1. Who wins for biggest fluctuation among PRO143, PRO69, PRO12 in a Gaussian network model of the chain, springs between alpha carbons below 10 Å?
2. With θ set to phi - 60°, apply the Karplus curve 6.51 cos²θ - 1.76 cosθ + 1.60 along the stretch 139-145 and write out the HN-Hα couplings as whole Hz, x wherever there is a Gly or Pro.
3. Summarise the accessible area of the chain (1.4 Å probe, protein heavy atoms) by the percent that is carbon and sulfur.
4. Find the accessible area per residue for the chain; the probe is 1.4 Å, ligands and nucleic acids are left out, and the unit is Å².
5. Taking the Cα centre of the stretch 71-173 as origin, sum charge times position over the Cβ atoms of Lys and Arg (+1) and Asp and Glu (-1), and report the length of that vector in debye to the nearest 20.
6. Quick one: which residues, 5+ away or cross-chain, put their amide H under 5 Å from the amide H of LEU88? H built at 1.01 Å from N.
7. Using a/c under 1.5 as the rounded threshold, could you call the stretch 70-145 rounded, prolate or oblate? The axes a ≥ b ≥ c are square roots of the C-alpha gyration tensor eigenvalues, and prolate needs a/b larger than b/c, oblate otherwise.
8. Quick one: 3J(HN,Hα) in Hz for the stretch 54-65, Karplus 6.51/-1.76/1.60 with θ = phi - 60°, rounded, Gly and Pro as x.
Amino acid sequence: MSATGLPSPTSPDARGVRRVLFVCLGNICRSPLAQGVFEHLAQERGVRAEFTVASRGTGDWHVGRPPDPRAIAVAQRHGVRLNSTARLINPAADAADFELILGMDRRNVASLIAAGFPAERVGLYLGYLARRQPGTPSDVPDPYYGGDDDFLEAYRLIHAGAHALLEEMLREP
Ligand code: 4NP
């Protein structure tokens, strides 16, 4: 257990996985960034067509909206386009469509498991980076109530996390 009272979940084996869903609270900041950055890195590697990638939120406040303008801006400054529309998780449909479901923080992971997603396919987004870089935080901090610095920090963590995840997915199972 951690200071938040939430356990630190492990992240499932991602080798060979090709369908991945990123989940945060509002689906307008962190998980759209994860989706956009992952797609961008996969495109650069020439493997974009192999992957099915999407994002969702555990809360419904922003359903139908584009990503937060601050998330769009920080991505754009790094040459990454965000093109998601906020959607709520749908445990039955999403578990059928995606092999791996990654929460951007421990609260998201707890919500996913409470909502009925199969726990063995749910994990923490930064878990793959943490395996390569000890000291990696468990959570991508929610930048929504923060400023531009918080969006930049979230972007950097998300970029490093996406790189580690993609490398793991591209390894042979
Ligand atoms: P996200 O950020 O989970 O990274 O998309 C948030 C966006 C909106 C809210 C909370 C977090 N909200 O409370 O509206």
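The values are calculated or read from the model by the stated rules, or taken from the named source; none is laboratory data. Treat the numbers as computed from the prediction; the structure is a model and nothing was measured. Glycine also receives a Cβ, built like all others from the backbone with ideal geometry; neighbour counts cover every protein chain displayed. Each accessible area value is taken on the protein alone, full model and side chains, heavy atoms only, with ligands, DNA and RNA left out. Shrake-Rupley method; radii C 1.70, N 1.55, O 1.52, S 1.80 Å.
1. Highest fluctuation of the listed residues: PRO69.
2. Residue by residue, the stretch 139-145 yields 10, 7, x, 6, x, 4, 9 Hz.
3. Values: 4060 of 8200 Å².
Percent of accessible area from carbon and sulfur atoms in the chain: 50.
4. Details: 8200 Å² over 173 residues.
Per residue, the chain has an accessible area of 47 Å².
5. On the way: 10 positive and 14 negative charges, 17 e Å.
Taking the Cα centre of the stretch 71-173 as origin, the dipole is about 80 debye.
6. For LEU88, the qualifying residues are GLY57.
7. On the way: a/c = 1.89, a/b = 1.23, b/c = 1.54.
Oblate.
8. The phi angles translate into 8, 9, 8, x, 8, x, 9, 4, 10, 3, x, 9 Hz.
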